[in-house]
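This report concerns only the one structure given below.
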Amino acid sequence: MSRDAKSPVIDEYLGRVRSHLPIRAGGDIVRELESSIRDRVEDIATAESRAPDDEIVRRALAEMGEPEDVAVAYSGKRYLVGPNDFRPFVAATAVVFALHIALIGLATALSRAFQFGPFAIGPIGPHGLVSTAASVVHALLLDVGLMALVFAGTRGLRRQIAGASQTPHVDVSRRGSTGRIVLCALVALVLNVFADKVFVVAVDNV
């Protein structure tokens, strides 16, 4: 395989990298990366005194790393929830959200609030659909924000536990994620200000 010869293996790898790159800079980064890959392929082939082939290409790509990680490195962007963590993040958030909704339903059925440390889960307010929608939105925003912070804070520990295993993956930039978390916190704060009217069932004193 000559240096300029088409390689489906390289094309597939570059395609995966390209899908995680910024639109404007993606083309330049892919061209630079392709040149680096072909240089590495030639180096391996020369060291082993053999012609480049698909086996050498795969070894060179393995040395480069997973396409998602390479895209992050080349784009210079940092993530609160990185590409490799996105699917576990979504799955964990869905579980926490489902549990949260179940507890809201239980609190509503029992007409009492549950206290978990600094967090309180109260029954749905007396305003029907509006109170229900408000409770669901409140729970979703809170759970997404909390899980994003958990994943960001435990990234190093989870990588050590995962070891060499590769984890599949919203690409969330630090600035964008921070903005969303702040927004979630502000919305939650505003909703909590009206907790007596929206989230808590009024009970007359006897």
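The values are calculated or read from the model by the stated rules, or taken from the named source; none is laboratory data. From a predicted model like this one, the values you see are computed outputs, not experimental measurements. Surface areas here come from the heavy atoms of the whole protein model, side chains and all, with no ligands, DNA or RNA. Shrake-Rupley method; radii C 1.70, N 1.55, O 1.52, S 1.80 Å.
For the set 53, 43, solvent exposure ranked by accessible area (probe 1.4 Å, protein chains only) runs largest to smallest as 43, 53. Each listed q (0.13, 0.21, 0.25, 0.30 Å⁻¹) maps to a log10 I(q)/I(0) for region 97-157 from the Debye sum over equal C-alpha point scatterers, namely -0.39, -0.83, -1.06, -1.29.
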